[in-house]
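To start, the structure itself, in structure tokens.
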Amino acid sequence: MESVIVELVSWGLFIYGSLVPALVVLLLIGITGFVEITRYERGTSLYYRLNPLTKVLFGLTITVVASTTAWWISAFMVTGLLLSYLSLHDGLRKFKYASYTMFSTLVGVTWSTAPFTPYSTLELAGFHQSTVLWTWPPYFQFFGYEPYLTLQQVIYGVQVSFRVASVIIASFITILTTTPSDLFRMLSKLKVPLAISFALTVAFTSVPKIFDLLDTSVKMQFLRGFGYGKPGFVRPFYMLAALFLAITPTVIYLARAAKNLAISVDTRAFMAKEGRTSLVELGFSSHDYMMFGLMIGLVLLAVLANLFGFGRTIPYTGL
């Protein structure tokens, strides 16, 4: 009987790490939520006034600081970035979806990191004692699991998840507040080849379009009676099935749109010359210089954190 309980609990923990983030994505965020946090909408707050290059550099700064400092610094950055979503167009809604995304990221990354972290890595991270929470069945090691799940592994997973969450939340800000035209102008100003600039701009505009098409296709399936009359607790599974069924029409629509885009580009003689002119020149304003000051402050914070033992350098002494 004890072995049966061990098996059930082990598989329950195994499923938990993927089921909870998936349920958050399906039930709380949904495809509509991903459209909301990947689509540009005109606004007047600070983020909208920044040069796209400034926003990209800000995202890179967040990445560097998160990867080189203690986890609680990333937690503070996540909190600050989330609160800044309130300044965006329809900020409360975007804040809500970004919070759900952060929660699913924390759970998903924690559970995809903790069981696989070797005890030698935990020692490098400053964990010299192990508190065993659960003993996995021997065959779980074939999945890459360590023999035991320890409290220190869970703590380490939470630390990693905050670092990942800060990068994701910062990246969404650039997507939400930058027009495709400004992105293309920025790449052109950086002397990026036109072919690469065009490809990145198309990819930038395609992300919200993909989610929008998936959302429309899924809703059409439910309007036609897909899953009608079924119990409410199985609705997430029907939602997942409808999402898979929506992939084919979405790909077909995108292929047709790509063909039309290619025709449109050719008729305008795009790339007939190596360079292109622009009626709007991107410059740096006082808002950009304020952000540069903030970025310099974050870099100095990372340096001081490492000097005082709260960095990610080896040997690692802080949390």
Matching label, Rg and Dmax of the Cα atoms in Å computed from the structure shown, candidates (i) 19.8, 61; (ii) 18.1, 54; (iii) 23.2, 75: (iii)
Hull shadow area, averaged, segment 179-269 [alpha-carbon convex hull, nm²]: 7.7
Average Cα contact separation per residue, segment 179-269, under 8 Å, 6 or more apart, as relative contact order %: 25
Segment residue 282-residue 134, extension gain: residue separation times 0.36 nm, minus the distance between their alpha carbons: 47.7 nm
Global size of segment 187-235 as Cα Rg and Dmax, reported in angstrom: 19.2, 57
Given charges at beta-carbon only (K, R positive; D, E negative), |dipole| of the chain in Debye: 1100
Most fluctuating residue given options 223, 282, 13, as computed from a GNM of the chain linking Cα atoms under 10 Å: 223
Over segment 125-173, relative contact order from alpha-carbon pairs under 8 Å, at least 6 apart, %: 31
Lysine-lysine proximity count for the chain, Cα under 30 Å, sequence distance 8 or more or distinct chains: 23
CD proxy at 222 nm, helix term only [per DSSP H run n ≥ 4: -39500 (n - 2.57); per residue of the chain; nearest 500]: -22500 deg cm²/dmol
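A short reminder: the numbers here are calculations on the coordinates, not readings from a lab. It should be emphasised that the depicted structure is a prediction, and the values quoted were computed from it without experimental measurement. Counting neighbours? That spans all protein chains shown, and the Cβs are built from the backbone with ideal geometry, glycine included.
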